[in-house]
Each structure stands twice: as structure tokens, then as C-alpha cells.
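The values are calculated or read from the model by the stated rules, or taken from the named source; none is laboratory data. This is a predicted model, so every value here is computed, not measured. Cβ coordinates were reconstructed from backbone atoms using ideal geometry, including for glycine residues, and neighbour counts include every protein chain displayed. To get the accessible areas, we keep the full protein, side chains included, count just its heavy atoms, and leave off ligands, DNA and RNA. Shrake-Rupley method; radii C 1.70, N 1.55, O 1.52, S 1.80 Å.
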Amino acid sequence: MKQLEGVNDFVVKFANVNGTGSASANHLFAKAIFRMGVPVSPRNIFPSNIQGLPTWYEVRVSAKGYLGRRGGVDLMLCVNPQTMEDDIASVGPGGYFVYDSTRPLAPHLKRDDISTFGIPLTEMCMREFKVARLQQLLKNVVYVGALAALLDIDFSILKDLLSDQFKGKEKLISPNVHALEMGYQYAKENFTCPLPIRLDPSVIDAPHIRESQHILMNGNTAAALGAIYGGATVAAWYPITPSTSVVDAFSKYAERMRIDAGTGKRNFAILQAEDELAAMGIVVGASWNGARAFTATSGPGLSLMSEFLGLAYFAEVPVVLIDVQRSGPSTGMPTRSQQSDILAAAYASHGDTKHVLLFPATPRECFDMTVQAFDLAEQLQTPVIMMSDLDLGMNDWMSPPLEWDDDYEMNRGKVLDKNALDEAETWGRYVDVDGDGICYRTLPGTHPDKGAFFTRGSSKNDMAVYSEKGDDYVENVDRLLRKFETAKSYVPVPKVHDPIPVKKPKTKQKLGALFFGTSASPSYEAVEILAEEGYPIDVMRIRAFPFHESLDAFVHEHDVVFVIEQNRDGQMRQLIMNECHIAPDKLTSVLNYSGTPITARTIARQIRRALNATSADVVKLHPETA
Amino acid sequence: MSYYKPKFQHPKLPKNSLGYTVADYDGSISTLCAGCGHDSISAAIRNACFLSSIPPHRIAKLSGIGCSSKMPTYFLGRSHGFNSVHGRMPSVATGASVANRDLIYLGVSGDGDTASIGMGQFVHLIRRNVNMTYIVANNGCYGLTKGQDSATADLGSVGKYGTQNPFEGIDLASLAVLQGASFVARSFSGDKEQLEPLIRAAMAHRGFAFIDVVSPCVTFANNVGSTKSYAATRDNLEAMPVDFVPMREEIRTQYKEGSSQTVTLHDGSIIHLHKASKDHKADSREDALMALQAADRTGKVLTGLLYLDPTSQDLNHTLELASQPLNSMGKDELCPGSRVLKSINEGLR
Ligand SMILES: Cc1ncc(C[n+]2csc(CCOP(=O)(O)OP(=O)(O)O)c2C)c(N)n1
Ligand code: SF4
Ligand SMILES: [Mg+2]
């Protein structure tokens, strides 16, 4: 049998039962690889449940620094008998399967095209440890020790990480280190270590990662820090996975960084609302009153916030909303990732509404874009929605470090203070003085006789006086559209990269690909794979809606444009068609909506198939899952 | 359609301690039906703010949707106002009040806005003890959508179209007492003598102050058989007078022992209230509920200050908010700077 080979280039997957302490052991494994300086991207694939259901952890190691999912499994570590049959079947030929051999492997599961390693994890821990809870928890640490031997992980880094993890609970360090050593010894004595797939930090092909001194963090924590640095003082929310950890992290940092040194009082308010309607109402009220306020939610919450989003759009109240997208309604799939709130967010609410969207692709961008969202919301006096997703928000990503310019000043937009009001001869809340669609705001309590007005939805004239006249309404909503045009020059521009040189192109067509958020990493990888196969594809990463003019140009300059995204209906494709007036046959969807993040292999496969297909089929291509 | 009142003011109009006349507390001309109870509430709010010498621009007016929620346009034209969405004013007020703890918040709502679509937000507003005054103009119907029964319509009350309401009504005052509101009153739009001091007391109170005001809808619920018509309310009114003496003013009236009680608010203002019975205590939730129940049993509309906790602590206190309003903080208070971020990066390697 030919075994898979590869230095710093493989996928390891853990199959566990949730609630058994596997998460921290698996994290230990990924973090050790990260500390060795080898590019790694771990992902939790977890159920909507607290204890007892299957959960997986997929760790991709990539010498070139690809951080998206590749697809496929090279080494499966399975300690969940419930899923063992599927897990063993998912290992690619020549791959490796590690399992708890306390119970022997059922004969029908045996495969002769993969290498199988049994470690009696349960038995070893029953023998070594007295306390029942430790017997269970340390099983996970034992297998990490074994993998350290099999894959050549630096053992001292693992020990350091354990010391960091148990700072303040030193008693726990020695049993954990002992468990690590047990696994390590067992593997050394019973198997040929290391395997043909292994780590070697001296041969890394990703200078961009090493040079920028990457950090390992999740997008939700980064967004929370963005809210701290961006000057948010009010956070209102209702718990919903996968957005909950945004406010959890905000709370943690605020308790550290936002306590007034003199009085011990808080320079922030966090309100756990009764539902998402109230969460958004609180944000609207606080922003109307001039504070920087935000909320974080996921799909169902976005639906509930829709009425208020419409009000904020028409009343021109800044709002910052972080939408950590997941799959659809109810419970279950919602702990899986998707990019499927695009249309719901872009056009949220009744009447003619459009909202500014930001699409971060890395934790660093989650940080930067959250800060920027507060500036944009106040400059444009409108809701700004940052479209993250579960994959980015809850998984650890290698990211360029967060950076801060101490000269940064919050851009509070056009707000008239008392002096400005004193000087102003006339003022009307909705008068477009500058012609950019953005009018001058006043805040409650500013001036004894000037600048007061009544904030309401759509029935008003430009002096903010109640009006149901058609002309007043039309003038107002046309101005809002003008403001949306202005937004185009305020939002982050798309990212384009130099095309990859292809010696003998196999096609005369000019190919382009558009993608955004977590579809970006695997898309870049897929484009490199396809370039190698003779298909040059130009790429553009969308970072905001409304779309920049260059997106229009990009589409027109190419014969076929792939839109790569993670939902069923090609929502970004529809948004582009709608907003840029592009004919449907110009844009070809590349989709994955299985709930697990899209892989480079899926993207490459769908594009390959599209290029061989006739143009009529292209649009109707059935998406594959990976 | 709306237009502004002429700015002409009578030179002899009396001024309050800030030098404002009552006209300085006016809003636009009302577009509600002639005789609508809501207009009397608007007038009472205007007078109360004038009498209490509150600078108009330090008040923020908030409302939901309904005829009643239009009211804030018709008083305090120098205050900012926010006509938000149906039933959700409580959350907007909550956000506004934590953003700037220095303003005075006045919420105006209807029985539909509060007791149906907004019930959830209303009870959570009470639960948080947001520092604001919350007035419900209660007419037992949805005025703006043309007279459907609301959730506060009394069982058996007859609507404009002659049908009897088959459901038990929700009593917002009892609910507020039960839910822990720190100031609960009921009044009648036609009883200016009681309503004005109640509003002044509510605005001086620290914490959530609720006033349920029976406010007849002349167009849809003023018919014979409606329990919230002018006639029915007047016939059954059992009003307990209330006097309000702002801080620094002397009490001039002499009160009889027993049937009345004097309460001092946190800012030094004094409320003098008359009680439903001799041993009724203003700071007892049980007494308040018993009095409300007793009145309800006999078909009476008991009005006055029903419950008061003068020591109540508001949401700003619970959240341990800094005394400087959050909306006035800048980079210095809010942004930890690049050095801190560097050390955060270090912790993530
Ligand atoms: C979400 C939503 N649903 C329905 C309406 C329609 N609507 C407007 S006012 C109103 C009822 C108002 O009743 P109430 O609060 O008692 O005010 P009143 O007009 O009686 O003073 C309704 C149902 C709305 N504006 N918004
Ligand atoms: S319909 Fe009723 S509540 Fe509305 S303005 Fe007329 S009288 Fe008042
Ligand atoms: Mg009503």
C-alpha cells in the first residue's frame, strides 16, 4: 500500500463526542503547530447541543499558508464509536486512521488501503488516573501526545502551552503532562514515528505569514476588540450562536479596559435584551442620543431586527450590527456556517431600503471593519452591517496582527454642536446642504432653542415636519439613494491581485472570479490549482456593499465570471445582477451550502465542470458539497 | 398635516423660575379629533414641565405608534422627540437613557402600543427600572386603526359597533405594581388637578414612573356601554388627590392626619398623596394591589398615586455607569491605544 506523504501539508480530523473535554485538547494540538511556525487552520464542526452528540475538529496544515478548507481527510483520529463507520470511510486512500482500541475495531470497518493505529486510550487512562473526570478528560490529552510522536510536533511547545493553559491551577499541569507523555511513549514504542505526513518548521513556503508575525484568533473576539477600539459604549444583544461570543468578548475586554480609574465606574453599558427587537431598539435609541452602539446577531435575530432597521434607514440613525451568519432557522444546522443572509441584510425591512454591508475575510479585517463600521454609520447616518459567519467568527484563524494608529480620531459625521447651532442661520434636519445626500444631525439636549426636531419614519419634509405629501416623500427617498451613492466612495474597496502567469492557457475566454468573506481563502487556493492546470482566472474580493465601480468594470472585462459563495441561491450573484444591471448568463455560481465551509477542491471541481459545459448549462450547475 | 402655532405670546404671561412662559412648552397644533382625551394629557404634560421649571431641551420625548404616540408633537416643541415603532418605544428609551443619563426621558404610549404589541418590552422596561416617566393614554381601543378593542378594554365593555368585549382586560397599573415598578399611578385625562402633580412627581422620581391615564376616544369608544367613555369614567371615578411640592419650595398646605401621606423623593421634592383607606401605605405593593382589586370589584376607577418607592435605584445605578454621560466620552476615555493592542497580539501567539 502506498502511504500518503507530505511535509507540512495534510488534513487531520478529530471525531469526538461533545461535552467530553476534547475541544481544549484539540485546540492544544492546533496551537502547538501554530507555535512551531507552520501554517495551520483549525475548524470546529459542532452540533447545537451541550453534551453527547458527535462533534468534529478539522485541522489543515499547509506549507503554502492556505487557510481555507482543502477538502478530504488524511489522518482521522476517532474516539466516537457513534460515527466511526462514516469517519473511517472518509479517509482518503493511503491515509491514516487512529482510534481508541480499548474496544477492538469491528472487522467490517477494516480497510486495507489505509494505515490503522489502535491506542487503548480508555484502558490507559483507567489504569493511570483515579478520578473519573480525569480519566475521561485526559484521554484527549493522551491522543495529542501520540500525534506529537506520529507527526513530529515539538514536545516542549506542548508542555509550554499546558503551563499557559493552567496558569493559576498548577495542580493540573502534572497529570496533563503525564498524559501527553503516555501517548507519546505509546506511539514511539508501537508505531514507526514519524509518519510520511509530518511537520518540519524549517521548510515553510509562506514567507508572508512568518514575516507579518501572524496571530491565532477568532473573528468574534477581533470584532469585539474593534468595538472597544472604535469607541462603542452601548452593546445590546440577545444570545444566539454563533454571534454570542462577540458580546461575551466585548464584556470581557470592557471590564478590563473601560473601567474609570478614579471611580471604578463603567464607561460602557451592556444590556442583555429580551429579544432581538429590543436589542436593536436599544441600539437605535442610544445612537439617536449620540452614543456609539452596536448589537451582534445571527439569521433569526436579523429577521426580528428588520422593522427597526427600516426605521433607522428612514430616520437616518446610525446603527452597527454584526451578523455572524449561520444556516437557516430553528436549531441544529444553525451551528453550521453559511453566507446566506446577504439578501436579507442588503434589503432588510419594508419600503425601499438598502443597507451598507461589510465583508471581512480575516480576524484582522473583523477588527478593522468593526472600527470602520462605527465611523461609516455615523458619517452616513445609517445602519452598517458587518457580515461575518460562523467559520470566521468562532474558529481560530491565523491572521496578520491587529494594528492601531494612535492618531485615529472617531469620525462622528455631520453633527451640529451648540456653537454650530448658534452660528447657523437656518437648519433643517433633512436638508441636503452639501449635495451628497448626507444632512446635518443634532442630538437631544444640545441647545436651549435651536436644533430640536421630531424623529420619525417616512412622513416628513426636509424640515422634519410631519408631511404625507407625495412630493416630500419622493424627495426624501431620492436623497437617500444619493446618500447610498456617496457611500460607494466611503466603504472599503475590493481587493484585486496580480494574475497568476499561465504558460499555455487552455481557454481563450477571459475568466474572472468574485468572492468575499470566508469563501476567499479557498477561492485563492482553487485559482492557483486551476492556473496550474492551464486556466488563468482573475480575482476580485468584494469587501463592501454598495459595490465599488471597479466591480462593474471587472464583470464587463471578463467573458465568464464565477461568483463563489456559501448559500443555495447565489445571493451575492443576485445582488450584483440587481445592482450593477448585469445579465444573468454573465455570472456563474460556484456554491456550497452544506453547512461546512466551502473547500478549495469543491471550487476547483465546479469551475472545471463549468468550463467544459455549454454556456446554457453553466448557470444551472448543480452545486456539490464537500 | 401639521403647522406651527403663531409665535406671538401675551406679554403678561407668567414666567417660571427659568424665565419661560407656558407657551415656551407648546408644540405644534394637535391633529387629533376634537375632544380626544389625549389632548388634555398633552396640556397636562406641558403645564407640568412649565410648573416644574424643566428646561425644555433637557427633555427627550419618546413614543411608539398610535394616536396617543403622536402626542409628543403637540407639546414641548423645543425638545427632541422620537416617534419610533409600534410597541417598541421601551427599548429605544432604554438605549437613549443609558447613552445620556443627564436628560429627562418622557415616554408616551397607548394601550394598544403598550398592552398588546409592546407588552414584552413594557414589562422588561419595568424590570430594568429605566429612569423615565411612562404615560399610557388608555382608551380601551386602537384609535388610529379605527376603533378595534384593545387588550385593556374591560370585559363586557361595548364598542362603537355595538359588540361586547368577551375578554378580560389587562390592568396595566396592577401589572406594573406586580412587576416591581417603583412609581405607579392612575389618572383620568379629564382630571387636570390630579394629573399635573402626578406628572411632576413622576418626572422627579428616580427610576421607572408609570402613569396609566384613562383618556377617552371620542370617535370610537365614547358610546353608551363603553367603560372608558367620559361619562362612565366620571360616574365611577374614585380620585385620590395628589399634591406635588418641588424641592426647595415650602409646604404651605396643612394636611389632615390619617387619610393622607407625605413622601420625600430623592431630589428633595415632596409628594402629598391621599389614600384609598386609612391604613393604606404608599410604599406597600400589597396595599396597592388590594385597593386596585377592591375598586375593580365595584366597577370604580381608582385614580391617584398607587405605589411609590422613593428609595428606588435606577438602571444607571445597576449598570454602575460612570457619572459622565456615555455619549460625551471620546477617544481618551474609550480607546485603549496601540500599546495595549500589542500586548493582546502577544497573548495570541
Ligand atoms: C407593526 C405594526 N403593526 C400594526 C400597526 C398599525 N397600528 C398603528 S396604531 C395601532 C394601534 C394603536 O393603538 P393605541 O396604542 O391604543 O393608540 P391609540 O390610537 O388608541 O391612541 C396599530 C395597530 C403598526 N403601525 N405597526
Ligand atoms: S380616533 Fe380616538 S384616540 Fe384617535 S384622535 Fe380620535 S378620539 Fe383620539
Ligand atoms: Mg388606544
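Miscellaneous remarks
- Residue within segment B:210-229 that is away from ligand 3 (no atom under 16 Å from the Cβ) and surrounded by fewer than 24 Cβ atoms within 10 Å (Cβ to Cβ) present: yes
- Filter result (near ligand 1 (Cβ under 10 Å from one of its atoms) and either of a type in the set (A, V, I, L, M) or without any contact (Cβ under 8 Å) to a residue 40 or more places away in the chain (or both)) within segment B:205-222: B:ALA221
- Taking segment A:50-66 as the range and being among the aliphatic types (A, V, I, L, M) and either touching a Gly at 6+ places or on another chain (Cβ under 7 Å) or open to solvent by 20 Å² or more (accessible area, probe 1.4 Å) (or both) as the test, the residues that pass are A:ILE50, A:LEU53.
- Given (1) without any contact (Cβ under 8 Å) to a residue 40 or more places away in the chain; (2) within 11 Å of another protein chain (Cβ to nearest Cβ), number of the condition A:GLY328 does not satisfy: (2)
- Exclusive hit being under 15 Å from B:LEU62 (Cβ atoms) and polar (S, T, N, Q), set B:THR145, B:THR114, B:THR152, B:THR163: B:THR114
- Residues in segment B:302-332 that are facing chain A (nearest Cβ under 10 Å) and buried (at least 17 other Cβ atoms within 10 Å of the Cβ): 9 in all.
- Residue count for segment A:277-316 under the criterion of being more than 7 Å from every other protein chain (Cβ to nearest Cβ) and within 13 Å of B:VAL85 (Cβ to Cβ): the result is 10.
- When B:ILE104, B:ILE117 are checked against the criterion of being open to solvent by 10 Å² or more (accessible area, probe 1.4 Å) and within 11 Å of ligand 1 (Cβ to nearest atom), a single residue qualifies: B:ILE117.
- Residue in segment A:499-511 that is of a type in the set (A, V, I, L, M) and not in a strand (DSSP E or B) present: yes
- Some residue of segment A:511-531 being closer than 28 Å to A:ARG326 by Cα and not assigned by TED's automatic domain parsing to the domain that holds A:GLU565: no
- Taken together, B:ILE59, B:ILE65 contain a single residue that is modelled with pLDDT of 95 or more, touching a Ser or Thr at 6+ places or on another chain (Cβ under 9 Å) and within 14 Å of ligand 1 (Cβ to nearest atom), which is B:ILE65.
- One residue stands out among those in segment B:150-172 that are closer than 24 Å to B:MET290 by Cβ and in contact with a strand residue (DSSP E or B) (Cβ under 6 Å, 6 or more places away or on another chain): the one that is nearest to ligand 3 (Cβ to nearest atom), which is B:THR152.
- The number of residues in segment B:138-175 that are crowded, with 19+ Cβ neighbours inside 10 Å, of a type in the set (S, T, N, Q) and within 13 Å of ligand 1 (Cβ to nearest atom) comes to 4.
- Some residue of segment B:235-249 being within 16 Å of ligand 3 (Cβ to nearest atom), open to solvent by less than 60 Å² (accessible area, probe 1.4 Å) and not in a strand (DSSP E or B): no
- Given (1) within 15 Å of ligand 1 (Cβ to nearest atom); (2) in contact with a Leu (Cβ under 6 Å, 6 or more places away or on another chain); (3) more than 8 Å from chain A (Cβ to nearest Cβ), index of the condition B:VAL130 fails: (1)
- If you filter segment A:394-414 down to residues that are of a type in the set (A, V, I, L, M) and outside any loop (DSSP other than H, G, I, E, B), you find that the one that is least open to solvent (accessible area, probe 1.4 Å) is A:MET398.
- Set B:GLY81, B:GLY77, B:GLY87: member being within 23 Å of A:SER458 (Cα to Cα) and within 15 Å of ligand 3 (Cβ to nearest atom): B:GLY87
- Within segment B:257-316, the set of residues being more than 20 Å from B:GLN194 (Cα to Cα) and of a type in the set (A, V, I, L, M, F, W, C) comprises B:LEU289, B:MET290, B:ALA294, B:LEU315.
- Within segment A:398-417, residues that are at the interface with chain B (Cβ under 7 Å from one of its Cβ atoms) sit with their Cβ atoms under 6 Å from residues that are open to solvent by 40 Å² or more (accessible area, probe 1.4 Å) and assigned to a loop (DSSP other than H, G, I, E, B), at 6+ positions apart or across chains, in these pairs: A:PRO401/A:GLN213.
- One residue from A:GLY470, A:GLY428 being open to solvent by less than 40 Å² (accessible area, probe 1.4 Å), of a type outside the set (Lys, Arg) and within 14 Å of chain B (Cβ to nearest Cβ): A:GLY428
- Just one residue in the set B:ASP26, B:ASP39 is within 24 Å of B:SER215 (Cα to Cα), open to solvent by 10 Å² or more (accessible area, probe 1.4 Å) and more than 16 Å from ligand 2 (Cβ to nearest atom); that residue is B:ASP26.
- Sole exception among (1) surrounded by fewer than 20 Cβ atoms within 10 Å (Cβ to Cβ); (2) within 22 Å of A:ASN289 (Cα to Cα); (3) more than 7 Å from chain B (Cβ to nearest Cβ); (4) not acidic (Asp, Glu) for A:LYS265, by number: (3)
- Any hit, segment B:23-39, residues being within 14 Å of the chain's Cα centre (by Cα) and away from ligand 3 (no atom under 15 Å from the Cβ): no
- Residues being of a type in the set (S, T, N, Q), free of Cβ contacts under 8 Å to residues at least 24 places away in the same chain and closer than 26 Å to B:GLU346 by Cβ - total across segment A:137-181: 2
- For B:ILE135, the conditions (1) open to solvent by 10 Å² or more (accessible area, probe 1.4 Å); (2) within 16 Å of ligand 2 (Cβ to nearest atom) all hold with the exception of (1).
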